[in-house]
Amino acid sequence: MMCNEIWVIAEIRQGRLTRSTHQLLGAARKLADERNLQPAALLIGGEQVHAEELAQKIPLVLRIENSGLETYEAVRYAHALRQLIEKRGRPKVIMTAAGSSGVEFMPRVAMRCDSGYASYCVDLFWEGEEPACRRPVYGGKVYEELAISTVPAFFTVRPGVFPVPENLSETGRVETIPIDLPEDTGLRIIERKGISPGKKDLSEALCVVAGGRGMGTPENFKLLEKLAEVLDGAVGVSRAVVDAGWMPHDLQVGKSGKTVSPGLYIACGISGAIHHVLGMNTAKVVVAINKDPDALIFRNADYGLVGDALEVIPELIKAIKSKT
Amino acid sequence: MKIAVLIKQVPDHEALVRVKSEQELDIENRYVCSFFDEIAIEAALNIRKNHPESEITAISAGGKKAVDALRRAVALGIDQVEHLGDESLEMADNCYLAYVLAERLKAIQPDLIICGKQAGDDDFAATGPMVAEYLNIPHVSAVVSLGSDADANQVTLGREVEGEIWYLESNFPLLITAEKGLAEPHVPVVMRVMKAMRAQIPGIPLNELDLKDKKQQGRLRRLRYTVPPERADVAMMREPYPQNAAELIEHLKKNGVI
Ligand SMILES: Cc1cc2nc3c(=O)[nH]c(=O)nc-3n(C[C@H](O)[C@H](O)[C@H](O)COP(=O)(O)OP(=O)(O)OC[C@H]3O[C@@H](n4cnc5c(N)ncnc54)[C@H](O)[C@@H]3O)c2cc1C
């Protein structure tokens, strides 16, 4: 059984819908319009206020309800989605953000539904009647375009690749769908701890201010945090900084850390090793600040400034704050 | 404890990879065992240190180059390895590969399966979760710590979830995918490298597996490879310090970046 819908699985973090969710609502509306389909937001667990907020942005909100869904867990999500699909029919496309939970549960659901899955997409489009995606492979050295011939097509999308749509004003409908869950999936959460309390989420941020070994000392990262603050951005670091024990691994950008696609990436005292560049080369605008004019990072930047990051950053903050 | 580690040979991060045609890539001949897979191997070896009776099997599915990944596993200290399938798997999509691996794992019946978080070539991050789903066992992706208290029945583990670290407890069987931090791969000793070079790598042909489920095949269709969007030449700031900072911000403001 099919249904003529495209589903976006909404994400809530710290009590709010994430920016990626808004971006995907825009992407889903566009894909749906092009093939006369109905875009819908899916809320797995979550609260009524979130359902209502979504209903102001998209015509249909499906709220999957079961008290076992209050905390995220891949196996439960796979059960929940499979049941929703059985009840409503197979939508054309199911998408969510390629965050740490998205890339964990989506392949499970795809396998359970005998359907195709592509991760870390940077674009979604129709290839004839088949949903298709573009995604970086080999660390972004090349891209591939894949079509999914089975229904539904499952995609996780890199945060930041679609714009946040403006002026969505809908009076959408909320449907609540109760589902059953297995009692015990074999996994139990014992404790949850913040790793970098108070820090902005790196993969969601529109601006990332990143520091490397050139920042000199762990204390100097306070400067970087100030710059991030005036730009409403998040702090990222190179692996050299993590290996030196200056900053935690969850802030590392690169091939063995996080991949980010912000609108603006400012690299301060980072040499631009390929391993680092592979994690940030899909950023829209890259600024590099390095005291070595031959640093590799300048080859992957739009704007370059040769200078001492520790001197330049306070000047940048001043210039950003000045109104002219 | 029975442990299976799933590994893959991929181009080195520094290897040149270019688009040759829409359907073909030009890949420099520099292959290594995928970064996160070596962490998976090391994590398995760490468990064996605490539980010397543990049996570890490393499995790599794919064409001839899979053998090199398995030699690396032997060099690092794993005794049982299996090369699954043949060149035909190089073109298979992620679901099919997971299906083939899962069918083999059914026969081995490991308590714990460890994979890398994602492969260094297609970056799918899908094999682990798909294998777990097919085997109907729980899984946790991007694990950064495994409790040393693992016993025959359960294990505690840590994983990063969007700025938090979650500690979980799980029964076996379980599948985890390895994130950086889970274990620190060691440099193999020369004796083991020599042993690995001479080792017989047993192969298991696909026709020895029960692969009749046709719906596992051909869910993804590659349309084409494309060249990544090029960044324009860098614009260097020309003013001396401290005016160069203002110059930069002016560019960013003028172009609507900030
Ligand atoms: C398998 C593998 C995976 C890896 N994964 C990653 C990864 O995910 N992420 C990552 O980042 N790296 C990764 N690396 C490491 C990578 O190769 C580099 O070693 C690392 O990125 C270097 O970090 P850095 O640029 O901070 O330090 P360095 O290379 O030491 O560069 C410091 C830079 O700062 C500049 N500098 C010094 N002082 C100043 C100053 N006062 N003001 C301005 N500039 C200054 C210098 O000119 C230099 O360019 C990986 C390596 C391997 C082998």
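For peptide B:222-228, the mean count of partner chain Cβ atoms within 10 Å of a residue's Cβ comes to 6. Can you list the residues of region A:269-284 with backbone N under 15 Å from a point 7 Å past the Cα of A:R299, pointing along Cα to Cβ? The answer is A:271-278, A:281.
With Cα atoms defining each centre, region B:199-253 and region A:277-324 are spaced 23 Å apart in the structure. Shape annotation for chain B: C-alpha extents along the principal axes are 67, 45, 42 Å, from largest to smallest.
Note on chain A: with a GNM built from Cα contacts shorter than 10 Å, the maximum mean-square fluctuation among A:P262, A:P314, A:P159 falls on A:P314. For chain B, modelled as a GNM whose springs connect Cα atoms under 10 angstrom apart, the maximal fluctuation among B:D37, B:D210, B:D68 occurs at B:D210. For chain A, the Kirkwood estimate of the hydrodynamic radius, built from every pair of different alpha carbons, is 21.0 Å.
Close amide-amide hydrogen proximity is noted between A:V237 and A:G211, A:Q252, A:V253, each under 5 Å apart and 5 or more residues distant or on a separate chain (H modeled in the peptide plane; Pro and chain starts excluded).
By the beta carbon rule, with partners counted only under 4.7 Å, chain A holds these lone Cys residues: A:C3, A:C113, A:C207, A:C268. For region B:45-199, DSSP calls about 45 percent of its internal beta bridges antiparallel. Which loop-located GluC sites (Glu not before Pro) does region B:29-89 contain, where loop means any DSSP state but H, G, I, E or B and the Cβ has at most 10 other Cβ atoms within 10 Å? Answer in residue order: B:E53.
Rg to Rh ratio, the protein assembly as shown, alpha-carbon atoms and Kirkwood radius? Taking Rg over the Kirkwood Rh, I get 0.96.
Sparsely packed loop sites in region A:110-204 (the GluC sites (Glu not before Pro) outside DSSP H, G, I, E and B with at most 13 other Cβ atoms within 10 Å) comprise A:E129, A:E166, A:E183. The Cα-based radius of gyration and maximum Cα-Cα distance (Dmax) for region B:72-215 are 16.5, 46 Å. The gain in end-to-end length when the B:D26 to B:Y241 segment is fully stretched comes to 73.0 nm, 0.36 nm per residue minus the alpha carbon separation.
Would you please name the GluC sites (Glu not before Pro) within region A:1-89 that are DSSP coil residues with at most 16 other C-beta atoms within 10 Å of their C-beta?
Values: sites: A:E5, A:E11, A:E34, A:E47, A:E52, A:E53, A:E65, A:E70, A:E73, A:E86; in loops: A:E11, A:E47, A:E70, A:E73.
Qualifying residues, ordered by number: A:E47, A:E70.
Look at A:S238, A:S101, A:S20, A:S67 and count the other Cβ atoms within 10 Å of each Cβ; fewest to most, that gives A:S67, A:S101, A:S20, A:S238.
Distance from the Cα centroid of region A:126-169 to that of region B:154-168 is 29 Å (rounded to whole angstrom).
Would you mind telling me the antiparallel percentage of the DSSP bridges in the protein assembly as shown, rounded to 5? Don't skip to the end; give the middle numbers.
Numbers: 44 of 118 bridges.
If I count the DSSP bridges inside the protein assembly as shown, around 35 percent turn out antiparallel.
Across the residues of A:119-127, average count of Cβ atoms on other protein chains within 10 Å?
Details: counts 7, 5, 0, 2, 0, 0, 0, 0, 3.
So the per-residue partner count for this stretch is 2.
Per-residue mean of foreign Cβ neighbours for A:311-319 is 5 (Cβ atoms of other chains, 10 Å radius).
Legend: P(r) of region A:202-323 from all alpha carbon pair distances, 10 Å bins from 0, whole percents, reading 15, 52, 31, 2.
No lab work stands behind these numbers, since they all come straight from the coordinates. In this text, all values refer to a predicted model and were calculated from it rather than measured experimentally. We place every Cβ from the backbone using ideal geometry, glycine too, and count neighbours over all the protein chains shown.
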